[in-house]
Amino acid sequence: MPSRGQTIKTATAERLTLLRPMVTRRYELALQHDTCCGCGACATICPKEAITLTEAVVAEGRLVAKPQVDIDAAKCIYCGECVAMCPTHALAMTINGQPEAPVLKGKAFPMLIRRMAVNQAPLEASTDVSYIDDCPSGALSADVERDASGAVLNVRNVQLDRGVCYNCTRCMHEGPVGGFEITKPYLGRVHLDVSLCPAGCQACADACPTHAITYDGERVAVDERFCIYCGACDRVCPVPGAIR
């Protein structure tokens, strides 16, 4: 039986959980492995170096296993910096059952701008729903009426789940004009040198959480409009400098 205040670590194939029950506060930090893209932003930001990642496994140009996050229960101080930085919302923290990141609540960490606005008028004026299906995080939903053949008759009540959205701006660029206003929380640049890419390699495309990197059967390409600068591609690339 663990003593009060001692962290209880639970690890399964789907989820890693750190639970620290105290007298008046109950801390829980959870990681969803399927949502994690293996970018390592959490490990980079962790002030206690409590977070580590395994090496990616790439075979015959494909990503076989993405880097997997582990958290040292003895080092974690439940500050919430990893939660604030996670680009895919794979990390979540609660205190007494309520979502909270102490560094954000205490204004001890930069507040990332994650603007997400939905404008119903242009969305409901269109019968295009491809942008809903193409959302890489599954954050979009709508009430869609179809005829007997499956053709879209009208679209109503388009919803964006802000707790799931990656802020990749794909819906803003590919959906009806004026339907979405999305701001990326990070600024950055991405550089791809295809001359360094091994023949047939598409590990970076496999790792990209927003599908900003694609492979056409011969080479990879990056559409920077959809890049969220997480660095997951760089972490799995077998050739240093091919993508940065």
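The values are calculated or read from the model by the stated rules, or taken from the named source; none is laboratory data. This is a predicted model, so every value here is computed, not measured. Every residue, glycine as well, gets a Cβ built from its backbone with ideal geometry; the counts of neighbours run over all protein chains shown. Note: areas computed on protein heavy atoms with side chains; ligands, DNA, RNA excluded. Shrake-Rupley method; radii C 1.70, N 1.55, O 1.52, S 1.80 Å.
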Let me have the 222 nm mean residue ellipticity of the chain computed from DSSP H runs of 4+ only, each contributing -39500 (n - 2.57), with the sum over all residues rounded to the nearest 500.
-3000 deg cm²/dmol
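For A73 and A221 in the same chain, what is the full-extension length gain: residue separation times 0.36 nm, less their Cα-Cα distance, in nm?
Values: separation 148, 0.36 × 148 = 53.28 nm, distance 3.93 nm.
In short, 49.3 nm is gained.
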Read-out percent of Cα pairs over 22 Å apart, derived from the coordinates shown; its label in [x] 66; [y] 60; [z] 53
[y]
Give me the distance in nm between label points sitting 7 Å out from Cα along the Cα-to-Cβ direction at D143 and T24, one decimal.
4.6
Which FRET efficiency value, to the nearest 0.05, do you get for T54 and Y186 by plugging their Cβ-Cβ distance into 1/(1 + (r/R0)^6) with R0 = 22 Å?
0.35
Along the charge dipole of region 7-82, Cβ charges K/R +1 and D/E -1, which of A74, G38, T52 sits furthest on the positive end?
A74
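Write out the trypsin sites (Lys or Arg not before Pro) in region 100-155 meeting two conditions: DSSP loop, and at most 16 other Cβ atoms within 10 Å of their Cβ.
Details: sites: K105, K107, R114, R115, R146; in loops: K107, R114, R115.
Listed in order of number, the matching sites are K107, R114, R115.
Report the per residue volume, in Å³, of the convex hull enclosing the C-alpha atoms of region 11-150.
On the way: hull volume 27.0 nm³, N = 140.
For region 11-150, the hull spanned by Cα atoms encloses 193 Å³ per residue.
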Whole-Å distance, taken between Cα centres, linking region 155-229 and region 1-63:
25
Accessible-area composition of the chain, carbon plus sulfur, in percent [1.4 Å probe]
51
Inter-label distance, nm, simple model (7 Å from Cα along the C-beta direction), E174/A151
2.4
Please sort by residue number the chymotrypsin sites (Phe, Trp or Tyr not before Pro) in region 163-213 whose DSSP state is loop and whose Cβ has at most 16 other Cβ atoms within 10 Å.
Y186
Just the number please: accessible area per residue for the chain, 1.4 Å probe, all protein chains included, in Å².
54
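For the chain, with only Lys/Arg (+1) and Asp/Glu (-1) charged at the beta-carbon, what is the dipole magnitude about the Cα centre, in debye rounded to 20?
In total the dipole reaches around 1280 debye.
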